[in-house]
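Peer 1: Here you go, one structure.
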Amino acid sequence: MRTIVVSSLIMAVSIGCATEEMATKTAEPTKSAVEQPVTAGPDPGWKVEELKSPTGYSSVSAQLTAQSGRVILSWLTLNQTYASLRFAERTAAGWTAARTVIEGEDLMVNTADVPSVVALADGTLAAHWLQVDGSDGESYKLPLSWSKDSGSTWSPPQYPHHDGKQVQHGFASLFQAPGAGLGLVWLDGRATAASDGNAGSMNLWMATYGLDGKQVAETLVDSRVCDCCPLSAVATPDGILVAYRDRTGDEIRDTSVARLEAGRWSAPVTVHADGWKINGCPVNGPAISARGQEVVVAWFTAANDQGRALVAFSHDGARSFDAPIRVDEKSSVGEVDVELLPDGSSAVTWIEFGEPSQSKLRRIEKSGARSPAITLADMSKGRAARLVQAKDELVVAWPELDNGGPTIRTVRIPLQ
C-alpha cells in the first residue's frame, strides 16, 4: 500500500479516460431553448471576509458540506509517508479545532476526487475517503465510517460496493437518505473489468444505510456515464436528485439529472443538449442545489470548442429546465459550484480562463440577470472553490499554494 503524495497543487487534470463502444442512451433531452441573453443584474453588495483556516500547511483536497444545519470543512493533510483525513466545523466563533478521521499509507490523494465529512439528521457524522487497492493507480476502494461522538471516535470502515474487483470506486457524493441514515452515489468501474477484454463502461451506483449503520441497498443508477467527473446529489421533497456527466454511445457527454423517487431511479433528464462530443473525460462535473421544487444545476461545456460555465433553473423538481444562462465573462475552464438562495436566485463559482485564470463568484437571477463578478483567487496559486450556504452566509474554500506550501483558504460572505 502507498500514499499518493503531492508536493504542490495540481492546477489541471489531464484528459485521458478510456472510451468504449456501448449503446446510445434513449432518454430524451430537455427541450429547452438556446442560452438566455446575458443581462446585467443588481449588485448584491456581497463582501468577502476572511475566515482563519483550520488546516495549516501540507493540506489539499478541500471539501465543504452543509447538511442538517451544520457546515463542515474536510481536507487531507500530507506527510512524507502517509496522509490524514481531517475536518473542522463552522461555528459562530470560527472553525473548530481540526480532528482526524483516519490516517495511513493507503489513503489516495486526488485533487479532483476528494473525501468528505457530512452531518446526518440524528447528529451522526459520516465520512468517506479513497483507499488504494493494488498496484494500479486507478484502482481504489471507497471506505465509509461513522462517528456518534462528534468525531472523537470512528467506526471501522465499510464499503458500499461488493463487486470485489480492483477498479475505480470513487467520486462519491454523500447525503441524508430520507427515512434512513446515510445515502451516497459514486462512480463504479466494475463493468470496466471484463475478463474477455471487452471492457464495459463506467457505472453510476447508489447505496443507502440505516440509522444503525447497516447497508440496506446497493442500486445501479446509470450503466454508462463519464469516467471521472465529480457528482453532486441533493435531497428534495420528491426524493434524491443526482447531477452527473452522462455519456452516449457516440461520446456526447452532456449533464444529466436522475431522480430517486419511491425507491426507483428515473431515466436521466438532460439538463441542456449542449452536444459536447469528446473522446475522453474532462474531469469537470456539475453541481446541483434545491429548495423544494426549485432546483438549479451548474455545469461546464466546451461544445463548439468554446469553454462555458452555465446554470439552468427548474421549477418542477428537475423534470424540466429553463434555457441555460451563461455564467462566465468570456471563457471558462469550469470547476463550478452552485447554491440556490432563499430569494430564488443562485450563487455560482467558476474558473474564468485568462492570464491568469481566476476563481470567481456571482449571483444569477432566474430571469438571467447576472450581478457583477467577484474575484476570489488567482488560480496560479490554487484550484477551484467549494461553496455552501449556512444560515445567513456563504462559506467558500479553495486550495492555495503560498511560500509555506499547499494550504486551504476559507472566506465567508454575509448575505444581506
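Peer 1: What relative contact order, as a whole-number percentage, does the chain give when Cα pairs under 8 Å and 6 or more residues apart are counted? Present the calculation step by step, with values, prior to reporting the outcome.
Peer 2: Details: 1197 pairs, mean separation 71.3, N = 416.
Reported relative contact order: 17 percent.
Peer 1: Please give the contour-minus-distance gain from D122 to R264: 0.36 nm per residue of separation, less the Cα-Cα distance, rounded to one decimal in nm.
Peer 2: Details: separation 142, 0.36 × 142 = 51.12 nm, distance 2.50 nm.
Here the segment from D122 to R264 would lengthen by 48.6 nm.
Peer 1: Taking a ≥ b ≥ c as the square roots of the eigenvalues of the Cα gyration tensor of the range 54-212, is the shape rounded (a/c under 1.5), prolate (a/b larger than b/c) or oblate? Display every interim value, and only then the final one.
Peer 2: On the way: a/c = 2.24, a/b = 1.41, b/c = 1.59.
Here the range 54-212 falls in the oblate category.
Peer 1: So, one more: Any idea what the dipole of the range 118-183 comes to, in debye rounded to 20, about its Cα centre with Lys/Arg Cβ at +1 and Asp/Glu Cβ at -1?
Peer 2: 100
Peer 1: Same structure again: Dipole of the chain, Cα-centred, from +1 at each Lys and Arg C-beta and -1 at each Asp and Glu C-beta, to the nearest 20 debye? Intermediate results must be reported in sequence, preceding the final value.
Peer 2: Numbers: 37 positive and 49 negative charges, 138 e Å.
Taking the Cα centre of the chain as origin, the dipole is about 660 debye.
Peer 1: Then there's this: What is the extension gain from E103 to S152, computed as 0.36 nm multiplied by their sequence separation minus the C-alpha to C-alpha distance, in nm to one decimal? It would help to have the intermediate numbers written out before the result.
Peer 2: Details: separation 49, 0.36 × 49 = 17.64 nm, distance 1.40 nm.
Here the segment from E103 to S152 would lengthen by 16.2 nm.
Peer 1: Do any trypsin sites (Lys or Arg not before Pro) in the range 372-416 lie in a DSSP loop with no more than 12 other beta carbon atoms within 10 Å, and if so, which? Could you put the intermediate results ahead of the total?
Peer 2: Numbers: sites: K381, R383, R386, K391, R409, R412; in loops: K381, R383, K391.
Here the trypsin sites (Lys or Arg not before Pro) that fit, given the DSSP loop and packing criteria, are K391.
Peer 1: So, in nm, how far is label T96 from label A180 when the simple model puts each one 7 Å beyond its Cα toward the Cβ?
Peer 2: The answer from the label model is 2.6 nm.
Peer 1: Please compute, over every Cα-Cα pair in the range 210-367, the percentage with a separation greater than 26 angstrom.
Peer 2: 26
Peer 1: Taking a quarter of the surface of the convex hull around the Cα atoms of the range 161-276, what do you get in nm²? Can you show the working numbers first?
Peer 2: On the way: hull surface 30.4 nm².
Averaged projected area of the range 161-276's Cα convex hull equals 7.6 nm².
Peer 1: Positive end of the charge dipole of the range 154-293 (Lys, Arg +1 and Asp, Glu -1 on Cβ, about the Cα centre): tell me which of I240, W205, S223 has its Cα farthest that way.
Peer 2: I240
Peer 1: Can you pull the three principal axis extents for the Cα set of the range 76-170, in Å, largest first?
Peer 2: 44, 31, 22
Peer 1: Still on this structure, please answer the following. Kirkwood hydrodynamic radius (Cα pairs, Å) of the range 285-346?
Peer 2: One decimal place: 11.9 Å for the Kirkwood radius.
Peer 1: For Y159, put the label point 7 Å out on the Cα→Cβ axis and report which residues of the range 91-120 keep their amide N under 20 Å from it.
Peer 2: Backbone N within reach: 102-110, 113-116.
Peer 1: Shifting gears a bit: Please work out the ratio of the alpha-carbon Rg of the range 293-416 to 2.2 N^0.38 Å and round it to two decimals. Each step should come with its number before you reach the end.
Peer 2: Values: Rg = 14.6 Å, N = 124, 2.2 N^0.38 = 13.7 Å.
Compared with the compact-globule rule of thumb, the range 293-416 sits at 1.07.
Peer 1: Oh, and also: Using a Debye calculation, one point per C-alpha and no hydration shell, please list log10 I(q)/I(0) for the chain at q = 0.06, 0.07, 0.09, 0.10 Å⁻¹ in order.
Peer 2: At q = 0.06, 0.07, 0.09, 0.10 Å⁻¹ the computed log10 ratios are -0.21, -0.29, -0.49, -0.62.
Peer 1: Do you know the Lys pair count in the chain for C-alpha distances under 17 Å, with sequence separation 8 or more or different chains? Display every interim value, and only then the final one.
Peer 2: Details: K25/K277; K47/K360; K47/K391; K141/K165; K148/K214; K330/K360; K360/K381.
Pairs that pass both the separation and distance tests number 7.
Computed from the coordinates by the stated procedures, all read-outs in this text should not be read as laboratory data. Quantities reported herein were computed from a predicted structural model and do not represent experimental measurements. So basically every Cβ, Gly included, is an ideal-geometry build from the backbone, and we count neighbours across all protein chains shown.
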